[in-house]
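Below is one structure, written out as structure tokens, with a few remarks after it.
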Amino acid sequence: MTLAHYPFVAGRACRLRFSVMGGNAYIALTEETRAPPRNVRSISAFSEELLAGDYGLVVERIVGERYRQPRTVEWDLSRFEGKDMRLYLVDVETDHYGQIALSEVRITEEAPR
């Protein structure tokens, strides 16, 4: 079981692009209204709170779905310009398909005028 997260502010014409492959763990993006606790005691309970919107609206989500080859994902975040966002990688699985690989993460945006 694993939990990782990365906060950022969406800029002008912001796009998030990454590659994903793996099992049944998931990647979620929230429009953050509350930061996660510093110490998470139960990843399962945290996952339920996250998906229920306790830390902000989940605006995008993808499950590893046992992709055997990396799958490129790109999310257009331009509608969230200036908003606090947080990318989560959550593995609540305890079997051998809980893993997920996230790579080549890029956040791009237009330069200010």
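The values are calculated or read from the model by the stated rules, or taken from the named source; none is laboratory data. A quick note: this is a predicted structure, and the numbers were derived from the prediction, not measured. We place every Cβ from the backbone using ideal geometry, glycine too, and count neighbours over all the protein chains shown.
Can you name the residue in region 52-72 that is of a type in the set (A, V, I, L, M) and loosely packed, with under 15 Cβ neighbours inside 10 Å and is also farthest from Pro7 (Cα to Cα) among such residues? Break it down stepwise before answering.
The initial filter retains those residues of region 52-72 that are of a type in the set (A, V, I, L, M), namely 52, 57-59, 62-63.
Still in the list and also loosely packed, with under 15 Cβ neighbours inside 10 Å: 52, 57.
On the way: Ala52: 19, Leu57: 14 Å.
That would be Ala52.
I'm trying to understand the selection: among the residues of region 79-96, which are exposed (fewer than 14 other Cβ atoms within 10 Å of the Cβ) and either small (Gly, Ala, Ser) or part of a loop (DSSP other than H, G, I, E, B) (or both)? Break it down into steps so the answer makes sense when it comes.
Initially, region 79-96 is screened for residues exposed (fewer than 14 other Cβ atoms within 10 Å of the Cβ), giving 79, 82, 94-96.
Listed by number, the residues that qualify are Gly82, Thr94, Asp95, His96.
With the requirement that a residue be over 13 Å from the mean Cα position of the chain (by Cα), not in a helix (DSSP H, G or I) and not polar (S, T, N, Q), what does region 48-76 give you? Explain how you work it out, then say what you get.
Quick first cut of region 48-76, residues over 13 Å from the mean Cα position of the chain (by Cα) only: 48-49, 52-54, 65-72, 76.
Imposing the further condition that a residue be not in a helix (DSSP H, G or I) reduces the set to 52-54, 65-72, 76.
Ala52, Gly53, Asp54, Glu65, Arg66, Tyr67, Arg68, Pro70, Arg71, Asp76, listed by residue number.
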Query raised in the report: Checking Ala13 against (1) of a type in the set (Gly, Ala, Ser); (2) modelled with pLDDT under 95; (3) part of a loop (DSSP other than H, G, I, E, B), which test does it fail?
Result: (2)
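Select from region 26-39 the residues that are crowded, with 16+ Cβ neighbours inside 10 Å and either more than 11 Å from the chain's Cα centre (by Cα) or polar (S, T, N, Q) (or both) and list them in ascending order. Give the steps one after another, and end with the answer.
So in region 26-39, the residues crowded, with 16+ Cβ neighbours inside 10 Å come out as 26-32, 36.
Scanning region 26-39 gives Thr30, Glu32, Pro36.
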